[in-house]
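Notes to accompany the following structure.
The values are calculated or read from the model by the stated rules, or taken from the named source; none is laboratory data. These numbers come from a predicted model, not from an experiment. Using ideal geometry, Cβ is built from the backbone for each residue, glycine included, and neighbour counts are taken over all protein chains shown.
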Amino acid sequence: MEFEPEIVIFCCQYCTEAADTAGASHLGYPANIKLMELPCSGKISIIYLLKAFEEGADGVCVIGCEEGACHFLRGNLRAKKVVEYTQKILEEIGINKERLKMFNLSSLESQKFVQISKEITEKIRELGPIF
Amino acid sequence: MKKGVFICKCGGSINNIDFQAISNYIHSFNQIDCIKESQAFCLPEGKDLIKGEIIDSTLDRVIIIGCSLEEKRKIFEGILKECGLSPQALTMVNIRERCAWVHQDKRRATEKAKRLIKAGISHSSLLKIFEEEDISVNKNVLVVGGGIAGIEASLELSRLGCKVTLVEKEPELGGKVKRLANIYEMKLKPGEFLSKKIKLIKESENIKVLTSTEPIKIEGNLGNFTVKLNKLSEEITIKVGAIILSVGCQAKFMRKDYGFDLSRSVITHLQLEKLFINGEEIPQTICFLLDFANKSSRISFLSALKNALLIKEKVASEVFILYRQMQVSGYHLEKLYGEAREKGIIFFKYEDSPEISFEHSLVNISVFDPLLKKRVGISSHLLVVEEEIMPMSEFKELGLDSKGLYQEENIWLYPAESNRRGIFFAGECREQEDVFEALTDARAVAGKVYNLLRRGKITVNLNRAVVEVEKCALCLNCIRSCPYEAIGKEFYKDEDRYAAKVDKLSCQGCGICSSICPAGAIQLTQYENEQIITECASLLTD
Ligand SMILES: Cc1cc2nc3c(=O)[nH]c(=O)nc-3n(C[C@H](O)[C@H](O)[C@H](O)COP(=O)(O)OP(=O)(O)OC[C@H]3O[C@@H](n4cnc5c(N)ncnc54)[C@H](O)[C@@H]3O)c2cc1C
Ligand code: SF4
Ligand code: SF4
């Protein structure tokens with residue numbers, strides 16, 4: 001059977017609107033994707049990301065609003081830093097940092113959400129199971 | 001804690017999920033007190049079913065599995081409220097838009113739905129309910145800056161019944177409008193227009209004007225600001241609930257960019273206005289040089305076009321306007337531009353900066369026009385150059401945006417708000433505006449402020465940051481990272497120590513502070529670390 005990766009997307013409350021619009025328009029994306037809603041991408045912390053891997057995620061994404069358009073002014077810039085820092089930790093413990101990625105979106109871009117979901121699922125499928 | 005799970009089939013529109021499997025799955029959880037299914041829980045019959053169950057089974061947590069649309073959430077929150085529960089007790093699990101409608105394979109959609117439900121149940125188990133809380137606020141308002149925007153905002157607030165203190169650092173009200181000779185499309189002269197407004201201010205019992213006064217320190221938060229004012233070296237302290245900054249802009253000649261000084265034959269737009277006001281003679285040829293330093297604003301174009309026309313009509317002299325990009329977006333500007341072209345004002349476009357030299361009382365300008373594809377020489381008696389527009393006053397507490405104007409809160413959602421809740425901007429300090437725009441802007445902002453304060457109390461957001469005093473190491477990371485300056489340092493009497501303190505009304509609930517705190521001392525009420533980690537783990541395991 002083909003490997004079905006477990007993927008969690010931590011998504012700010014505004015970007016989940018993009019996901020819900022994708023749903024309302026019946027734009028399909030892989031069932032591997034599971035959303036965790038946060039108030040702002042800036043709420044993401046290293047511990048959430050590492051725990052997600054520990055609990056069995058093969059890939060993790062963080063989605064926040066476009067830079068300069070964060071509803072909380074600079075939450076997405078903070079999220080970017082947290083993701084970059086966590087990528088370093090992953091590398092140090094021998095996990096490919098490509099398994100963690102940050103994307104920026106606006107709440108209207110449901111197509112882009114679908115595209116990101118497909119892209120990340122393909123990528124992680126390629127990388128194979130994490131452990 | 002008693003949990004009820006309600007599975008909604010959404011009128012049959014969720015058809016690629018195996019509801020029997022879902023139902024069996026939910027029955028396998030032990031701590032669930034009732035499980036009900038319906039074709040549509042948002043319709044009267046379904047609603048009654050929920051109500052009945054909440055009361056009969058004395059539920060205090062409600063999980064609805066179906067959609068998670070905002071308007072439906074309102075309906076369900078309403079049901080909870082009717083039954084005496086807090087709306088916070090509701091958890092909605094979206095197996096429609098986030099599952100059934102996006103995944104084709106029934107087996108996989110059902111498997112994913114189970115995970116979503118498991119996560120929803122663990123979320124609900126860890127939910128904490130907070131009391132709704134109102135905080136009383138001072139209803140008085142401080143308006144800083146007595147230009148047209150500050151005047152109009154004060155008048156509007158006074159009309160709505162708020163008490164206003166209007167402070168102006170100059171000895172008189174009026175701001176920049178006082179320095180204009182006329183306002184395009186306004187019949188009244190700026191002076192007359194201003195005196196009318198100032199008369200209304202004087203007549204209003206609700207407005208106290210302090211001239212030659214500047215704020216020196218703003219402390220506190222929305223609803224309860226304490227502002228120290230300096231009136232000719234005398235210190236005055238006032239307490240207000242909100243502050244409107246309408247401090248306008250400063251117009252400064254850009255000596256560095258132009259590379260030459262102002263003189264009798266080189267003047268700025270405001271100096272030209274002064275020539276008009278003083279009734280001085282305007283020379284035969286006059287040339288406006290716009291956009292030279294690439295820092296031009298619409299208002300410079302407005303001012304140049306307006307005055308070019310005026311000169312053309314009155315003095316019948318030769319008028320040139322040199323520009324890089326014509327910026328005529330805005331109130332009547334396009335019309336003004338058309339009129340200027342019709343009346344024979346000569347426009348030259350340029351890409352490379354024009355060469356400028358001085359000869360006796362003449363200014364020689366040589367410019368290559370890419371539309372004409374040719375170099376043109378102009379000899380003018382007067383060259384009118386632009387001022388750079390920069391913020392009038394600095395407030396350490398507030399940041400500036402990329403244009404050097406005051407930073408706004410998210411401009412798409414909350415224009416006119418600063419990053420500190422309760423401090424607003426009106427008029428030209430926020431965005432380059434003409435007088436009409438400044439008037440409308442000021443009234444809108446006044447309405448906004450009134451709306452915020454009118455009840456005399458503000459309800460605290462249910463989702464906000466709280467500090468666990470014992471854990472706080474006072475590293476100050478949270479204070480630095482909060483985009484809304486909502487956190488300060490405070491002495492807690494009970495614990496007999498200092499710790500970080502979040503202002504209840506200023507916090508917007510983004511959670512940045514809680515993710516940055518190395519001691520785990522700050523949590524968001526509705527997104528505690530434990531909740532997020534458990535929910536995420538549920539999503540990932542069967
Ligand atoms: C050359 C020129 C020509 C223009 N021509 C036109 C035109 O033809 N038509 C048109 O519609 N618009 C025109 N405008 C635009 C118009 O001047 C502005 O829209 C208007 O002045 C904006 O008003 P304001 O109240 O926001 O700011 P301002 O008029 O700048 O008022 C700000 C006030 O705040 C005070 N202040 C600043 N800092 C403090 C402080 N720390 N404490 C207390 N008080 C403070 C200042 O002293 C001032 O009185 C022109 C502007 C310029 C520069
Ligand atoms: S970041 Fe945490 S430990 Fe540091 S001051 Fe804030 S609450 Fe205290
Ligand atoms: S949740 Fe956001 S707004 Fe509230 S105190 Fe923390 S950083 Fe500031």
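The rows are residues; the columns are (1) within 11 Å of another protein chain (Cβ to nearest Cβ); (2) touching a helix residue (DSSP H, G or I) at 6+ places or on another chain (Cβ under 9 Å).
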| site | (1), (2) |
| --- | --- |
| B:Gly456 | no, no |
| B:Thr459 | no, no |
| B:Ile487 | no, yes |
| B:Glu490 | no, no |
| B:Glu495 | no, yes |
| B:Val502 | no, yes |
| B:Ile533 | yes, yes |
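Within segment A:77-102, the set of residues being surrounded by 19 or more Cβ atoms within 10 Å (Cβ to Cβ) and either among the hydroxyl-bearing types (Ser, Thr, Tyr) or part of a strand (DSSP E or B) (or both) comprises A:Thr86, A:Leu100, A:Lys101, A:Met102. Here segment B:316-343 is the region considered, the condition is being hydrophobic (A, V, I, L, M, F, W, C) and more than 31 Å from the chain's Cα centre (by Cα), and the residue that is farthest from B:Ser380 (Cα to Cα) is B:Ala340. Among residues belonging to segment B:94-124 that are more than 21 Å from A:Val114 (Cβ to Cβ) and under 36 Å from the mean Cα position of the chain (by Cα), point out the one that is farthest from the other protein chains (Cβ to nearest Cβ). If we take residues in segment B:94-124 being more than 21 Å from A:Val114 (Cβ to Cβ) and under 36 Å from the mean Cα position of the chain (by Cα), then B:Ser124 is farthest from the other protein chains (Cβ to nearest Cβ).
Which of the following residues is outside the structural domain of B:Gly241 (by TED's automatic domain parsing) and either farther than 30 Å from B:Asn94 by Cβ or within 16 Å of ligand 2 (Cβ to nearest atom) (or both): B:Cys536, B:Cys478?
Values: B:Cys536 fails: either farther than 30 Å from B:Asn94 by Cβ or within 16 Å of ligand 2 (Cβ to nearest atom) (or both).
On inspection, the qualifying residue turns out to be B:Cys478.
When each of B:Leu452, B:Leu462 is tested for being in contact with a strand residue (DSSP E or B) (Cβ under 9 Å, 6 or more places away or on another chain) and away from ligand 2 (no atom under 16 Å from the Cβ), the lone residue that passes is B:Leu452.
Within segment B:343-358, can you find the residues that are assigned to a strand (DSSP E or B) and in contact with an Asp or Glu (Cβ under 7 Å, 6 or more places away or on another chain)? Talk me through it step by step, then tell me what you get.
Start the filter on segment B:343-358 by keeping residues that are assigned to a strand (DSSP E or B), which leaves B:346-349, B:355-358.
Result: B:Phe348, B:Lys349.
Listed conditions (1) away from ligand 2 (no atom under 16 Å from the Cβ); (2) in contact (Cβ under 8 Å) with a residue 40 or more places away in the chain; (3) farther than 21 Å from B:His123 by Cβ are all met by A:Ile46, apart from (1). When B:Ile216 is tested against (1) at pLDDT below 95; (2) more than 10 Å from ligand 1 (Cβ to nearest atom), exactly one condition is not met: (2).
Restricting attention to segment B:1-33, report how many residues are crowded, with 17+ Cβ neighbours inside 10 Å and within 20 Å of B:Ile79 (Cα to Cα). Residues flagged as crowded, with 17+ Cβ neighbours inside 10 Å and within 20 Å of B:Ile79 (Cα to Cα) within segment B:1-33 amount to 9. Which one is surrounded by the most Cβ atoms within 10 Å (Cβ to Cβ) among residues in segment B:51-66 that are touching a strand residue (DSSP E or B) at 6+ places or on another chain (Cβ under 6 Å) and not in a strand (DSSP E or B)? In this case the residue turns out to be B:Leu59.
The residue pairs whose first member lies in segment B:141-170 and is in contact (Cβ under 8 Å) with a residue 12 or more places away in the chain and surrounded by fewer than 22 Cβ atoms within 10 Å (Cβ to Cβ), whose second member is basic (Lys, Arg) and in a helix (DSSP H, G or I), and whose beta carbons are closer than 6 Å, counting only pairs six or more residues apart or on different chains, are B:Glu156/B:Arg443.
B:Cys513 passes every criterion in (1) within 9 Å of ligand 2 (Cβ to nearest atom); (2) out of contact with any Cys (no Cβ under 9 Å at 6 or more places or on another chain); (3) within 11 Å of chain A (Cβ to nearest Cβ) apart from (2).
Determine, yes or no, whether A:Asp20 is in contact with an Asp or Glu (Cβ under 7 Å, 6 or more places away or on another chain), buried (at least 17 other Cβ atoms within 10 Å of the Cβ) and more than 7 Å from chain B (Cβ to nearest Cβ).
Details: in contact with an Asp or Glu (Cβ under 7 Å, 6 or more places away or on another chain): yes; buried (at least 17 other Cβ atoms within 10 Å of the Cβ): yes; more than 7 Å from chain B (Cβ to nearest Cβ): no.
Here the answer is no, as A:Asp20 does not meet what is asked.
Taking the criterion of being within 15 Å of ligand 3 (Cβ to nearest atom), surrounded by fewer than 21 Cβ atoms within 10 Å (Cβ to Cβ) and touching a residue at least 40 places away in the same chain (Cβ under 8 Å), the residues of segment B:472-504 that qualify are B:Cys475, B:Asn477, B:Glu485, B:Lys504.
Scan segment B:92-109 for residues that are crowded, with 24+ Cβ neighbours inside 10 Å and part of a helix (DSSP H, G or I) and the total you get is 4. Scanning for something over 18 Å from A:Arg125 (Cβ atoms), of a type in the set (Lys, Arg) and more than 7 Å from every other protein chain (Cβ to nearest Cβ), does segment A:85-103 turn up at least one residue? Within segment A:85-103 (the criterion being over 18 Å from A:Arg125 (Cβ atoms), of a type in the set (Lys, Arg) and more than 7 Å from every other protein chain (Cβ to nearest Cβ)), the answer is yes, since at least one residue qualifies.
The C-beta contact set for segment B:243-268 (first residue of a type in the set (Asp, Glu) and in a loop (DSSP other than H, G, I, E, B), second residue exposed (fewer than 15 other Cβ atoms within 10 Å of the Cβ) and at pLDDT 85 or above, distance under 8 angstrom, 6+ apart or interchain) comprises B:Asp261/B:Arg255.
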